[in-house]
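The values are calculated or read from the model by the stated rules, or taken from the named source; none is laboratory data. Here the structure is a predicted model, which means the values were calculated and not measured. Positions of Cβ are backbone-derived with ideal geometry, glycine not excepted, and every protein chain shown enters the neighbour counts.
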Amino acid sequence: MTTLDCEKLAMELQRAERERREIVRLTAQYPNMTVEEAYAIQERLVAMKRENGYRIIGPKMGLTSAAKMAQMGVNEPIYGYVFDYMVVPNGGTVAMSELIHPKVEAEIAFILKEDVKGPNIDAADILAATEYIVPALEIIDSRYVNFQFTLPDVIADNASSSRVVFGSRLVPPVSLELDLLGVSLAINGEARAFGAGAAVLGHPANAIAMLANMLSRKGEGLKAGEIILAGAMTEAVRFAAGDVVFAQFDQLGTVSFRAT
Ligand code: 0L1
Ligand code: MG
């Protein structure tokens, strides 16, 4: 894969997101694409979004559950970036006309009070550097046909990042047991998924620590003030126009949106 290919593929992904159009997974054309090449495409895609005036809210972890990693045949999660244009107010609306085939998953996010740079960061370092924990609903929307992809495809596609709704309650981590913290996800009042923090690599702070260590491979770190999604506590659930999606988190309150 050349730099030109990288540019072309990042543009294809950007166009697919903008035009709400599924594309064939990149590895159909580039079957030997490596994880490193996939991150190079993601980096170009992220740079294009910034050139278009969008601001990064924070990096995020994806594929953090044992089930998703087993499904993809990997033992390391992936990361992507959440941008300002993806944020929907709590209780607000998500327009299906702007998305392809979205799914929703319940997560918690970390807001750091100080920068953290790997390598060798562990969960204790992350908890010490965290100002607040915030509940969230992440809406993922793969740009690939039928949500089907291999690991390099989904990395290149910014880990399916699409929209996010953050809750209104910010809680310091010292008063929480994040691995035991539970969540229920309901659509139109019907329970659809349950989860707990332990589903995220045993403890959500482990995921944030791993993210710091992964970013250090490219000389980057986590920054104070970023809002960083740790990974899904529940399975990802499809929703449709007209649905009201509601999550109830232990000690962190509720997060909801309506799909229109
Ligand atoms: O946030 C996530 O866990 C998404 C990772 C990508 C996998 C998917 O789209 O299901
Ligand atoms: Mg997620």
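Observations on the structure shown:
- Residue list for region 48-83, filter: touching a Pro at 6+ places or on another chain (Cβ under 6 Å) and more than 10 Å from ligand 1 (Cβ to nearest atom): TYR81
- The set of residues in region 177-210 being buried (at least 22 other Cβ atoms within 10 Å of the Cβ) and either modelled with pLDDT under 95 or aromatic (Phe, Trp, Tyr) (or both) is empty.
- Out of ILE111, ILE139, ILE133, one residue alone is surrounded by 22 or more Cβ atoms within 10 Å (Cβ to Cβ) and over 18 Å from PHE246 (Cβ atoms). It is ILE133.
Results for (1) over 19 Å from the mean Cα position of the chain (by Cα); (2) without any contact (Cβ under 8 Å) to a residue 40 or more places away in the chain; (3) farther than 27 Å from ALA28 by Cβ, shown as yes or no for each residue.
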{"position": "ALA128", "(1), (2), (3)": "yes, yes, yes"}
{"position": "GLU131", "(1), (2), (3)": "yes, no, yes"}
{"position": "TYR144", "(1), (2), (3)": "no, no, no"}
{"position": "PHE147", "(1), (2), (3)": "no, no, no"}
{"position": "ALA156", "(1), (2), (3)": "no, no, no"}
{"position": "ALA159", "(1), (2), (3)": "no, no, no"}
{"position": "SER162", "(1), (2), (3)": "no, no, no"}
{"position": "GLY167", "(1), (2), (3)": "no, no, yes"}
{"position": "VAL171", "(1), (2), (3)": "yes, no, yes"}
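- In region 49-57, the condition of being of a type outside the set (Lys, Arg), touching a residue at least 12 places away in the same chain (Cβ under 8 Å) and surrounded by fewer than 16 Cβ atoms within 10 Å (Cβ to Cβ) is met by at least one residue.
- Boolean, TYR30 is away from ligand 1 (no atom under 16 Å from the Cβ) and assigned to a loop (DSSP other than H, G, I, E, B): yes
- Condition check for ILE187: among the aliphatic types (A, V, I, L, M) and closer than 30 Å to MET48 by Cβ: no
- Identity of the residue in region 147-176, at positive phi and modelled with pLDDT of 95 or more, that ends up surrounded by the fewest Cβ atoms within 10 Å (Cβ to Cβ): SER160
- When MET86, MET96 are screened for being surrounded by 12 or more Cβ atoms within 10 Å (Cβ to Cβ), of a type in the set (A, V, I, L, M) and within 13 Å of ligand 1 (Cβ to nearest atom), only MET86 passes.
- Tabulated pairs, region 15-38, first more than 25 Å from PHE83 (Cα to Cα), second among the aliphatic types (A, V, I, L, M), C-beta under 7 angstrom, 6+ apart or interchain: THR27/MET33; TYR30/MET1; MET33/MET1; MET33/LEU26
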